[in-house]
Amino acid sequence: DVLPHQREVMRAYASQYTKVSDVALQLPTGSGKTLVGLLIAEWRRRKYNERVVYLCPTKQLVNQTVEQGEEKYGLTTLGFTGQIREYEPSLKAEYRNVDRVAVTTYSGLFNTHTFFTDADIVIVDDAHAAESYIASMWSLSVERTNPEHKALHAALAGVLKPLLDSTNFARLNGDSRSLSDHFWVDKIATPDFVEKADEIASIISAHVKGITLAYPWSMLCDHLYGCQLYLSTQNILLRPLIPPTWTHEPFSRPKQRIFMSATLGPGGDLERLTGREKIERLSIPEGWERQGVGRRFFMFPSMSLNENE
């Protein structure tokens, strides 16, 4: 059977939140978050005859969720990873016929040619770690060591040079040999970026033709006013502060989005990283940590071994 705190979360959801467009469930690590998410998905599929898509950050977690659902809980879900052309026709038919819940990666939904254009419910697992995966659809990353990006990176570095001191300019170009500089990151001040925006746009437009950066640039070129420019020793990143997920119908059209996270946090951070205006929160019941949700095995080698051992 489900544990008491899992049951309470599902009861609260079923009684109060089934018609809310955006709802977040806070379930700490080790509290059985996957089971709650899969049971809600299966319940909605059966009760309302809805197509449900369950999102995970990586392919490994997709496979793990599908395996865990089947072997531990007896729930047969469908895993979708890789290219759309690689999806098995029988699995696609089962999802479209509302026979199974689909489990895929964030990138499986956040792309222009997603298979999941008709979902009724989207469940976002590990929502607190989803920002980079969601925003990737609207991110232009110019990699310093990528031969395809080399000319563009050099041209952008030239434009940004007056905005950087000599140390940071060396870091941007990979000329610094300090190991600590490998972790350097910075952001161009917004007023400086606005002043240089037209020049930056002209340079990018001239360099992205025929390379993979052409697509993300097509998504951003008319919206630089909503973007920020970030720097590191590895790349120059242009992306919006808030990903415009409301423009992506496979995510904005469903009846409901359910965000599951170990740490929701206060004050709208989840709304910012997912691009949703208001997300209702369903907190975990008090006292869940006393109900025995499993064990963790910690190893402290230094307690009994010396440094060489």
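The values are calculated or read from the model by the stated rules, or taken from the named source; none is laboratory data. In this text, all values refer to a predicted model and were calculated from it rather than measured experimentally. Every residue, glycine as well, gets a Cβ built from its backbone with ideal geometry; the counts of neighbours run over all protein chains shown. The accessibility values were calculated without ligands, DNA or RNA, using every heavy atom of the protein model including side chains. Shrake-Rupley method; radii C 1.70, N 1.55, O 1.52, S 1.80 Å.
Between amide H atoms placed 1.01 Å from N, distances below 5 Å from residue 235 occur with 144, all of them 5 or more places distant or on a separate chain.
Taking θ as phi - 60° and the Karplus parameters 6.51, -1.76 and 1.60, the scalar couplings of the stretch 131-140 work out to 4, 5, 5, 5, 6, 4, 5, 10, 10, 10 Hz in sequence order, x denoting glycine and proline. Phi-derived couplings, Karplus 6.51 cos²θ - 1.76 cosθ + 1.60 at θ = phi - 60°, listed residue by residue for the stretch 81-90: 9, x, 6, 4, 5, 8, 5, 6, x, 5 Hz, with x used for Gly and Pro.
What FRET efficiency comes out for residue 136 versus residue 302 if R0 is 45 angstrom and r is the Cβ-Cβ distance? Round to the nearest 0.05. Write down the numbers at each step before the final one.
On the way: r = 39 Å, r/R0 = 0.87.
Given R0 = 45 Å and the Cβ-Cβ separation, E is 0.70.
Relative to the dominant Cα principal axis of the chain, helix 33-48 is inclined by about 70°. Could you provide, to the nearest whole Å², the per residue accessible area of the stretch 103-229 with probe 1.4 Å? Heavy-atom SASA per residue in the stretch 103-229 reads 49 Å². Angle of helix 59-71 to the longest C-alpha principal axis of the chain, folded into 0 to 90 degrees and rounded to 10: 0°. Here the 3J(HN,Hα) profile of the stretch 146-155, calculated from phi with Karplus coefficients 6.51, -1.76 and 1.60 at θ = phi - 60°, is 7, x, 5, 9, 4, 5, 5, 4, 5, 5 Hz, Gly and Pro shown as x.
Probe radius 1.4 Å, ligands and nucleic acids ignored: give me the carbon and sulfur share of the accessible area of the stretch 34-115 as a rounded percent. Its accessible area is 42 percent carbon and sulfur atoms. Rounded to 0.05, the FRET efficiency of the residue 76 and residue 271 pair, given R0 = 22 Å and the Cβ-Cβ distance, is 0.05.
Restricting the trypsin sites (Lys or Arg not before Pro) of the stretch 164-242 to loop positions (DSSP other than H, G, I, E, B) with no more than 15 neighbouring Cβ atoms within 10 Å leaves 177, 209.
Estimated purely from DSSP H runs of n ≥ 4, each contributing -39500 (n - 2.57), the mean residue ellipticity at 222 nm for the chain is -10500 deg cm²/dmol once divided by its residues.
Just the protein heavy atoms count here, and of the accessible area of the stretch 175-274 at 1.4 Å, carbon and sulfur take up 58 percent. Among the trypsin sites (Lys or Arg not before Pro) within the stretch 1-77, those in coil by DSSP and having at most 10 neighbouring Cβ atoms inside 10 Å are 19.
Here each label is just a point 7 Å from Cα along the line to Cβ, and for residue 18 and residue 64 those points are 3.2 nm apart. Treating r as the C-beta distance of residue 194 and residue 46 and R0 as 45 Å, the FRET efficiency rounds to 0.30.
Expressed to the nearest 5 percent, the antiparallel share of DSSP beta bridges inside the chain is 35 percent. Close amide-amide hydrogen proximity is noted between residue 256 and 122, each under 5 Å apart and 5 or more residues distant or on a separate chain (H modeled in the peptide plane; Pro and chain starts excluded). A rounded overall shape is assigned to the stretch 7-139, the ratio a/c of its alpha-carbon gyration tensor axes (a ≥ b ≥ c) being less than 1.5. Between the amide H of residue 18 and any residue lying 5 or more places away or on another chain, no distance stays under 5 Å, with hydrogens modeled in the peptide plane. The distance between label points at residue 280 and residue 83 comes to 4.2 nm (points 7 Å beyond Cα on the Cα→Cβ vector).
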